[in-house]
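First comes the structure, then the notes that go with it.
The values are calculated or read from the model by the stated rules, or taken from the named source; none is laboratory data. Because the structure is predicted, anything quoted here is derived from the model rather than measured. With ideal geometry, Cβ positions are generated from the backbone for all residues, glycine too; neighbour counts draw on all protein chains shown.
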Amino acid sequence: MNENTQAVQRPYEGEKNEAPFSVPRLTDGAPARLVTLFGRLGPQGQRRVRYVFDVGAPEYFVAEIPADGPIASIVPQAPAAAWFERELHDQFGIEIHGHPDLRPLVFHDNWPDDVHALVDDVKDVPWAHRDYPFLEVQGEGITEVAVGPVHAGIIEPGHFRFSVVGDAVLHLELRHFYTHKGTEKLFQGRPADAGAMLAESVSGDNCFAHAVAFCQAVENACGASAPARAAALRLIGLELERLVCHIGDFGGLCTDVGFIVGAALATRIKEDLLQASTRCCGRRYWRGVAAPGGLRFDWDSVAVKRLAQSAEAAVREFKDLAHVVLETPSIQNRFEGAGILQKTVAQDLAVVGVVARASGVDLDVRRDHPSGHYATVQTKVRVLHYGDVMARARIRVEEVNVSASLIQETAAALPSGPVRAPVQFTGNVCGASAVESPRGELYYWIEGRENRLTRCHIKSPSFQNWPAMPLAVAENMIADFPLINKSFNLSYSGCDR
Amino acid sequence: MILDVIGRSLRQPSRLIPVEALMENSEGSRMPDVQPERLTVDIASRVAAVCPTGALATEDHNGRNCLRLSYGHCIGCGRCVEAGEGALIPATRFRWTGVAKDQLVRRWDPSSRVEIKAETPQPDAIRRQVQKLLGRALNIRQLDAGSCNGCEAEIVALTNPYYDLERFGIHFVASPKHADMLLVTGPVTRNMAEAVRATYEAVPAPKLVVAVGACGCSGGLFAGSHAVVGAVDAVIPVDRYIPGCPPAPAMILSGILEVLGQRSLR
């Protein structure tokens, strides 16, 4: 996943700022998939916008345009850009022409319109009061149901505004960013080593994926790479995190349809994995393990083998459970046909991860943009076409199998040697990295000078997938919302940062 | 099919961890402890220098130069253990959960190599009142004020068959109006501050508020961010603190029971 540093220097050669950036096309003429777009500041503080697309090659397509003046929205060509451009508008104060909806995204009513957190001084920003109009659906018999930010379970905060007719949802509008912590700004001025810590706190249950993506971005920027043993252990950690996440999600789906036996067994298997991880490396979730250049410490191969055995045992039990659950008629009744996300919608909104693969979109960073140890293994990618809750459940079950065999394979042939390589963070550097986190493609871009980060952009899969969720909920019963939402399993904190 | 499920369930051995094994257990949380006999002035200043959150600091305490460890700030990164030459170790027994804010702080005198013990405080009025009213039943409303979801993942784990919080008569409830205790995670973000206050107001008195995790206790890594107001106690009154990043489920459970003063109960 080495980003081509030549591409970094290449500005977009439009005649004027207002000229619309044209979205690259694939060989069949279809528009390329938007990976991310974000703002950064040039050496003299000039605002610039960077676009990253997946053009079907291992290297991502990268382009940058100046944005001191207004820029043209790419939403008409790439609807997936809608939230990205709103964020750009909020955080960088970049004027965007032709965007259908530029309401504030990141900060709520309390934030003044004229403060843009990633370019302005944000010390003691005064509390403001501004309005946020929700889309109003009008007509006979239409009721609005407002849910959140504080929900009824142990869940992160977010606001959902349903417009319903009887039980049927006509429209769902999201309002997120309740957990916005200004994380991207907090990276600025930190040494790379301290940045890894912050990356781990972007989305706690996917902490290792975030840490690895960040560390690989630093390594790519500095022309370093993690030693083979570290890369292999990273793969084991990433796949273990996927197992924990997918098995937990499967239990969550059981909970949301009242299938308590399945839920209890899945949470137990998840806990088995976390305890096995504690025995292997002293951590339930892999915080404080990854570091730029590799890992912070090594552990003996016997412990790793034991972890792989525990994972295998857990997965064997899970497969058995999943089979029983998915063959149960009452489960099939609830899962099948609920929350269908059409393939065209999934493509327009450039969704990633399990959600994309359940809607017929064939992508997986591990296979398409392999980095680290993934370049040496074969990752099987399963795709289903129904796009419903059942498809998302089945994809998770399939992926648990794939992750288990990747862990086995890697643990059986664990390379020896050091686990950390030196990283020379000198001069002006920038680099990117993508990792297939349990929720999908996670992309980090960092920029720094003399071991200080000056910018870190995080494209989390949840940020990309949230806008698609309301479209899967529309026309379903409102009572199915928790189930559909769980089947997406998106992180609020990962989205809000 | 349903018989198959029931059969499967009956064949499962019990995984319940006995309460004795959970108390003071901090396995997997990476909280540090100090071996005072190995502590030197040099090590004290070195570990204070590597601590990324200021959990470890050297300070003057009643005329003695001491090493101060504030668990509320600690994210368990392990840098002090690496730099501490055996004077700092990962804690195996951990008592500093479900305690008052000043009890999160420990001090050692590196020249005389002893811990400077604080006085044991008396249980306060609200705690006694809730205990008297409720006995062993407790309804908890979990409130995420802006966390990274790491603490939520561990709180959810309390309901799995290993920890089974319900055996203590403790339930998670859907509405703050049904709650006796608010279990609050995360630094309070600017966008959540109003909702946090409203949720606190909705809990009927007498109420207990417990801040969970480094962010909830001190703001953690997010302290000072433009998008964050601060720790939970910057917005609502907090009675007790459960540190850790994230605290392991056993630590959260010990903390809740400590708040209720039930440690010795079965």
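Each residue in region A:253-265 was checked for being part of a helix (DSSP H, G or I) and more than 9 Å from chain B (Cβ to nearest Cβ), and 6 of them qualify.
Within region B:225-255, the set of residues being facing chain A (nearest Cβ under 10 Å) and either under 23 Å from B:L138 (Cα atoms) or assigned to a loop (DSSP other than H, G, I, E, B) (or both) comprises B:S225, B:H226, B:A227, B:C245, B:P246, B:A248, B:P249.
Would you tally the residues in region A:402-420 being touching a helix residue (DSSP H, G or I) at 6+ places or on another chain (Cβ under 7 Å) and under 21 Å from A:R316 (Cβ atoms)? Total meeting the criteria: 7. Restricting attention to region A:76-119, the residues being over 20 Å from A:L471 (Cα atoms) and in a loop (DSSP other than H, G, I, E, B) number 19. Apart from one condition, A:K270 fits all of (1) facing another protein chain (nearest Cβ under 8 Å); (2) surrounded by fewer than 23 Cβ atoms within 10 Å (Cβ to Cβ); the exception is (2).
Looking at A:R316, A:R334, A:R279, A:R287, just one residue is modelled with pLDDT under 95, crowded, with 21+ Cβ neighbours inside 10 Å and charged (D, E, K, R), and that residue is A:R287. When restricted to residues that are in contact (Cβ under 8 Å) with a residue 60 or more places away in the chain, assigned to a helix (DSSP H, G or I) and not hydroxyl-bearing (S, T, Y), region A:173-197 contains 8. Inside region A:16-41, residues that are at pLDDT below 90 and among the small types (G, A, S) make up a count of 4. The residue that is surrounded by the fewest Cβ atoms within 10 Å (Cβ to Cβ), among those in region B:148-158 that are part of a loop (DSSP other than H, G, I, E, B) and within 7 Å of another protein chain (Cβ to nearest Cβ), is B:N149. Residues that are among the charged types (D, E, K, R), within 11 Å of chain A (Cβ to nearest Cβ) and surrounded by 17 or more Cβ atoms within 10 Å (Cβ to Cβ) occur at least once in region B:66-86. State whether one or more residues within region B:29-47 are touching a residue at least 40 places away in the same chain (Cβ under 8 Å), closer than 29 Å to A:A196 by Cα and within 11 Å of chain A (Cβ to nearest Cβ). Within region B:29-47, one or more residues are touching a residue at least 40 places away in the same chain (Cβ under 8 Å), closer than 29 Å to A:A196 by Cα and within 11 Å of chain A (Cβ to nearest Cβ).
Assessment of region A:305-316 against the conditions (under 20 Å from the mean Cα position of the chain (by Cα), part of a helix (DSSP H, G or I) and either of a type in the set (A, V, I, L, M, F, W, C) or away from chain B (no Cβ under 14 Å) (or both)) yields no matching residue. All of A:A217, A:A221 fail the test of being over 21 Å from A:F463 (Cβ atoms), among the small types (G, A, S), surrounded by 24 or more Cβ atoms within 10 Å (Cβ to Cβ) and in contact (Cβ under 8 Å) with a residue 60 or more places away in the chain, apart from A:A221.
Taking the criterion of being surrounded by fewer than 17 Cβ atoms within 10 Å (Cβ to Cβ) and of a type outside the set (A, V, I, L, M, F, W, C), the residues of region B:87-114 that qualify are B:T92, B:R93, B:R95, B:D102, B:S111, B:S112, B:R113. On the stretch given as region A:125-152, residues that are at the interface with another protein chain (Cβ under 9 Å from one of its Cβ atoms) and either surrounded by 14 or more Cβ atoms within 10 Å (Cβ to Cβ) or not aromatic (F, W, Y) (or both) total 6. Collect the residues in region A:259-285 that are small (G, A, S) and touching a helix residue (DSSP H, G or I) at 6+ places or on another chain (Cβ under 9 Å), keeping them in residue-number order. A:G262, A:A263, A:A264, A:A266, A:A276, A:S277, listed by residue number. Note down all Cβ pairs under 9 Å where the first residue falls in region A:323-334 and is within 11 Å of chain B (Cβ to nearest Cβ) and part of a helix (DSSP H, G or I), the second is surrounded by fewer than 19 Cβ atoms within 10 Å (Cβ to Cβ) and among the acidic types (D, E), and they're at least six residues apart or on different chains. What qualifies is A:V324/B:D4.
Among residues that are at the interface with another protein chain (Cβ under 10 Å from one of its Cβ atoms), in contact with a strand residue (DSSP E or B) (Cβ under 7 Å, 6 or more places away or on another chain) and more than 23 Å from A:E271 (Cβ to Cβ), B:T185 is not included.
If only one of A:G387, A:G431 is assigned by TED's automatic domain parsing to the domain that holds A:A263, in contact with a helix residue (DSSP H, G or I) (Cβ under 9 Å, 6 or more places away or on another chain), outside any loop (DSSP other than H, G, I, E, B) and not hydrophobic (A, V, I, L, M, F, W, C), which one is it?
After ruling out the rest, the residue left standing is A:G431.
Quickly run through region A:438-464 and pick out the residues that are under 23 Å from A:E239 (Cα atoms) and either over 8 Å from the mean Cα position of the chain (by Cα) or among the hydrophobic types (A, V, I, L, M, F, W, C) (or both). Hits for region A:438-464 are A:P438, A:L442, A:Y444, A:W445, A:I458, A:F463.
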